[in-house]
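Asks: Before I ask anything, here is the structure I am working with.
The values are calculated or read from the model by the stated rules, or taken from the named source; none is laboratory data. Just so it is clear, the model here is predicted, and its values are computed rather than measured. Cβ atoms come from the backbone with ideal geometry, glycine included; neighbour counts cover every protein chain shown.
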Amino acid sequence: MTSSSFASPDAIRTRFSRAMSEMYRAEVPQYGTLMALVADVNAAARRADPALDRRLADNREIERLDLERHGAIRLGTAEELFTMRRLFAVMGMVPVGYYDLSVAGVPVHSTAFRPVEPEALRRNPFRVFTSLLRLDLVRDEALREEAAAILARRRIFTDGCLALIEAAERRGGLDDEEADRFVREALETFRWHGEATVAAEAYQRLRAAHPLVADVVCFKGPHINHLTPRTLDIDAAQAGMPERGIAPKAVIEGPPPRRVPILLRQTSFKALQEGIAFKGGTGAGTGDAATDGTHTARFGEIEQRGVALTPEGRALYDRLLDTVRGEVQVKADGSNAEDYMAALARVFAAFPDDEDTLRRAGLAYFRYRATGKPGAPATLDLDRLIAAGFVAAEPITYEDFLPVSAAGIFQSNLGDETQRNFAAQANRAAFVRDLGTEVADEIALYEAMDARSRTDTLASLRRSAV
Ligand code: OOG
Ligand code: NI
């Protein structure tokens, strides 16, 4: 078989993310409401800001906007993580970044599977925030062993899915029919199962250790726990949620509203209470399905993405966010949300908020291109070329996640606001060992895009000058 008869990984990713979106909409109807809200907000934002609209069109970002979403799953074992990496590789998604959530009392560490090539990102940037449970952070040894034994028994991938992953690895791809089958089989892993694999009593014990332990350990597979559309105006989306019967979390995670958005802002609605049946239960509860109890895990989220920051920019962001969180901690009931948002706006006034300063001060990454204006002088001075209109610089979108924000999203959705204090103990080496490969360094990826576009732009100006 020649490589040209393979379905492209980008196309498989698009089919998969579409299928996942349909499945989630059927499972969690509020997700459909959220999608409709975001579509309306995005249309209004484009109408209100023609410059933004033009830039999105120039960068071919409009096509990807409606496709754009990320999801999240939580895995239980090293073997599951290892195979999940191989599954995502079929769709051109590789692990980028390491996130330690133990600092926030969440016993997981994570990576994001995503495409990395600019063209692949443009086609479909679908990403999955993937966490691995850290039983080593559960204190009770007997419980730890019980959880490990339960997890060791489950098989989260179908035989058909495993066979197709192997075929893709052996032959370097999947043909069209196989790709369709792969999407169908892979989807099974992410489906919600209302039947717990354990009895009520075991579920309660695991839940008492940490709600996340129960969520990972007690079910057949790593159900997708949210899918997140991308909005152009998250403040409008946050304000619009209650009107559509959705209760958002108290504050938007990440930086404050700005003229030039940086990194990532996120908000979510609280996890649903879903009926579940326990092993050996009577299933005599109310509702359509046999229910013995309820479980909260699945929620909805909206995000707005801004420019990727350099290490200097990121250090400034982290420092300012630390200051804000030192001043105001959002209470469990969200009653002081306004104080938090006010402190955020005040403290972040120290972060430059125009593209030129962000670029010249080396705080953010940009993509350069020749504008086509004739008569460019023979110079390597990009600032001069930009000032004279021969070169344009556009912000490079941040494609990754933020650990503090992710912790906030986890916390607000565990159905239990109690903060537990695990000592911060990143274990990147163990994560990489379980994954079976290094995680890519996200900063290096942005740096390379920025550098490559500088070189290419200067080279194209030289070529057109001769
Ligand atoms: C993942 C939470 C993190 C994000 O967007 O930061 C996340 C989870 O709850 O499993 O999705
Ligand atoms: Ni998320």
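Asks: Being of a type in the set (G, A, S) and more than 24 Å from Q30 (Cα to Cα): is that true of A196 here?
Replies: no
Asks: What number of residues within segment 96-123 satisfy the criterion of being in contact with an Asp or Glu (Cβ under 6 Å, 6 or more places away or on another chain) and at positive phi?
Replies: Adding up the residues that qualify gives 1.
Asks: Being away from ligand 2 (no atom under 14 Å from the Cβ) and of a type in the set (S, T, N, Q) is the filter here, so list the residues in segment 237-280 that pass it.
Replies: Q238, Q273
Asks: Next question, about the same structure. Looking at segment 64-74, which of the residues that are touching a residue at least 60 places away in the same chain (Cβ under 8 Å) and away from ligand 2 (no atom under 16 Å from the Cβ) is surrounded by the most Cβ atoms within 10 Å (Cβ to Cβ)?
Replies: Checked segment 64-74; the qualifying residue surrounded by the most Cβ atoms within 10 Å (Cβ to Cβ) is R64.
Asks: Pull out all pairs, ordered by first then second residue, where Cβ-Cβ is under 9 Å, the residues are six or more apart or on different chains, the first lies in segment 328-349 and is on the phi > 0 side of the Ramachandran plot, and the second is outside any helix (DSSP H, G or I) and not charged (D, E, K, R).
Replies: From residues that are on the phi > 0 side of the Ramachandran plot, the pairs are G334/A250; G334/V251.
Asks: With F190, F182 as the choices, which residue is within 19 Å of E274 (Cβ to Cβ) and at pLDDT 95 or above?
Replies: F190
Asks: Collect the residues in segment 408-461 that are modelled with pLDDT of 85 or more and among the small types (G, A, S), keeping them in residue-number order.
Replies: Those that are modelled with pLDDT of 85 or more and among the small types (G, A, S): A429, A430, G436, A440, A444, A448, A451, S453, A459, S460.
Asks: Of all residues being free of Cβ contacts under 8 Å to residues at least 40 places away in the same chain and in a helix (DSSP H, G or I) in segment 355-414, which is surrounded by the most Cβ atoms within 10 Å (Cβ to Cβ)? Just the residue, please.
Replies: R359
Asks: Check whether at least one residue in segment 281-292 is outside any loop (DSSP other than H, G, I, E, B) and either away from ligand 1 (no atom under 11 Å from the Cβ) or closer than 30 Å to A364 by Cα (or both), and report yes or no.
Replies: no
Asks: Of A349, A277, which residue is more than 30 Å from P29 (Cα to Cα), of a type in the set (G, A, S) and at pLDDT 90 or above?
Replies: Criteria check complete, one pass: A349.
Asks: Can you run down the residue pairs with Cβ atoms below 6 Å, 6 or more apart or on separate chains, where the first is in segment 181-202 and touching a residue at least 40 places away in the same chain (Cβ under 8 Å) and more than 23 Å from T296 (Cβ to Cβ) and the partner is of a type outside the set (A, V, I, L, M) and crowded, with 16+ Cβ neighbours inside 10 Å?
Replies: Pairs found: V183/R15; V183/F16; A186/C161.
Asks: Condition first: away from ligand 2 (no atom under 16 Å from the Cβ), β-branched (V, I, T) and under 24 Å from R122 (Cβ atoms). Can you find one or more residues in segment 75-85 that meet it?
Replies: No, the conditions are met nowhere in segment 75-85.
This table checks each residue for (1) in contact with a helix residue (DSSP H, G or I) (Cβ under 9 Å, 6 or more places away or on another chain); (2) crowded, with 19+ Cβ neighbours inside 10 Å; (3) among the β-branched types (V, I, T); (4) within 18 Å of V94 (Cα to Cα).
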{"residue": "T130", "(1), (2), (3), (4)": "yes, yes, yes, yes"}
{"residue": "L133", "(1), (2), (3), (4)": "yes, yes, no, no"}
{"residue": "G173", "(1), (2), (3), (4)": "yes, yes, no, yes"}
{"residue": "V183", "(1), (2), (3), (4)": "yes, yes, yes, yes"}
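Asks: Could you tell me how many of the residues in segment 86-119 are more than 16 Å from ligand 2 (Cβ to nearest atom), surrounded by fewer than 21 Cβ atoms within 10 Å (Cβ to Cβ) and hydrophobic (A, V, I, L, M, F, W, C)?
Replies: 4
Asks: Among (1) away from ligand 2 (no atom under 16 Å from the Cβ); (2) among the aliphatic types (A, V, I, L, M); (3) modelled with pLDDT under 95, where does L212 come up short?
Replies: (1)
Asks: Looking for something under 20 Å from the mean Cα position of the chain (by Cα) and either surrounded by fewer than 22 Cβ atoms within 10 Å (Cβ to Cβ) or within 26 Å of T323 (Cα to Cα) (or both) - is there at least one such residue anywhere in segment 197-207?
Replies: Checked against the condition, which is being under 20 Å from the mean Cα position of the chain (by Cα) and either surrounded by fewer than 22 Cβ atoms within 10 Å (Cβ to Cβ) or within 26 Å of T323 (Cα to Cα) (or both), segment 197-207 yields no hits at all.
Asks: Now a separate question. With the structure loaded, tell me whether I234 is surrounded by 17 or more Cβ atoms within 10 Å (Cβ to Cβ), modelled with pLDDT of 90 or more and within 15 Å of ligand 2 (Cβ to nearest atom) or whether it fails that test.
Replies: So I234 passes the test.
Asks: Let me spell it out: the conditions are (1) of a type outside the set (V, I, T); (2) more than 17 Å from the chain's Cα centre (by Cα); (3) within 17 Å of A186 (Cα to Cα), and E119 meets all of them except one. Which number is the exception?
Replies: Checking E119 against (1) of a type outside the set (V, I, T); (2) more than 17 Å from the chain's Cα centre (by Cα); (3) within 17 Å of A186 (Cα to Cα), the one that fails is (3).
Asks: Then there's this: Tell me which helices (runs of 4 or more DSSP H) are completely within segment 12-117 and hold 1 or more residues being within 16 Å of ligand 1 (Cβ to nearest atom) and of a type in the set (A, V, I, L, M), or say none if there are none.
Replies: Qualifying helices (runs of 4 or more DSSP H): 29-48, 78-90.
Asks: Let me ask something else. Go through (1) among the acidic types (D, E); (2) over 20 Å from S405 (Cβ atoms); (3) touching a helix residue (DSSP H, G or I) at 6+ places or on another chain (Cβ under 7 Å) and name the single condition E80 misses.
Replies: Of everything listed in (1) among the acidic types (D, E); (2) over 20 Å from S405 (Cβ atoms); (3) touching a helix residue (DSSP H, G or I) at 6+ places or on another chain (Cβ under 7 Å), E80 misses just condition (3).
Asks: So L263 ticks every box in (1) surrounded by 19 or more Cβ atoms within 10 Å (Cβ to Cβ); (2) modelled with pLDDT under 95; (3) on the phi > 0 side of the Ramachandran plot but one. Which box is left unticked?
Replies: L263 satisfies all of (1) surrounded by 19 or more Cβ atoms within 10 Å (Cβ to Cβ); (2) modelled with pLDDT under 95; (3) on the phi > 0 side of the Ramachandran plot except (2).
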